[in-house]
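Structure first, commentary second.
The values are calculated or read from the model by the stated rules, or taken from the named source; none is laboratory data. Owing to the predicted nature of the structure, the values given are computational and were not obtained by experimental measurement. Every residue, glycine among them, receives a Cβ derived from its backbone with ideal geometry; neighbour counts consider all protein chains shown. The area values use the complete protein model at the heavy-atom level, side chains included, leaving out ligands, DNA and RNA. Shrake-Rupley method; radii C 1.70, N 1.55, O 1.52, S 1.80 Å.
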Amino acid sequence: MERWDIYDERAEKTGKIVNKGEALLPHEFHLAAEVWILNGKGQVLVQQRSCNCEILPGVWGLTTGRMRMAEDTRTGCARELKEELGLCVQPEELRFVRRILRRDGTHLIWDIYLLQREIAPEALKLQKEEVALIFAQLRRFAAVDAVRVADDAALPALAEDLRQAHRRNRVRTEHIEKKAEAPDYEALEAEKVR
C-alpha cells in the first residue's frame, strides 16, 4: 500500500502519514508534481493516460504523479519518468519552475519542473497501465516561455493544445479544463512575499 506524508499550507511536514486515497482534512496536503519535457525545437512531450487509469483515464497531459512517503518532488519526478516512460533522469537535471498550493479539493502541493532533453518518443518504454500514447508535435514553446509558467502565460496555451489533441483523437476534454484552472492567486502572492 502506497503511503503519503502530510504537509501543512507552508509545505512543512506535519508528521502524519496516510494511506493513498485516504480522506484529508481541509488544512492537510500532500506532494505531487508534473514535468514539462522540452526538446531543442521547443516541443513539449505529452502523454495520453491509459484508459485503465484510476484518475483521468484517456486524458492527454504531462508526466505527473504523487509523491510517496519520505520522497521529495524532485526525486519523485525522476521516479515517475522512469516508471511511466522508461526515461532515466537524475533528480538534479530537473529544473524547478513553480509551486502551486491547490485548494480545489485535491489537497495537493503541486510542483512543476522542466527537463530540457532531446528524446525520441519511439525510444521510450511506456508503462501500459499508465500511458497509452506519446505525442510531441504540439505548439512549440521556447524554453523561456515554459519558465513563464510563473506568470500563468504558458499553461493556458498548453491546455488549449491539449484540448485540440483531444478533439483530434476524440478523447473527452472536460478533465483538461479542470487541470488548466487558475491556481489560488492569493496563496501564490503569499509565496512571493516569503
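Leaving out ligands, DNA and RNA, what percent of the accessible area of the stretch 15-80 is carbon and sulfur, probe 1.4 Å?
Here it works out to 53 percent.
Would you mind calculating the gained length between CYS53 and LEU25 on full extension (0.36 nm times residue separation, minus the Cα-Cα distance), in nm to one decimal?
7.6 nm
How would you rank 92-102, 123-133, 107-117, highest first, on the average number of other Cβ atoms within 10 Å across their residues?
107-117, 92-102, 123-133
What is the gain in length, in nm to one decimal, between ILE17 and GLU83 on full extension, counting 0.36 nm per residue of separation less the C-alpha to C-alpha distance?
Full extension from ILE17 to GLU83 adds 21.4 nm.
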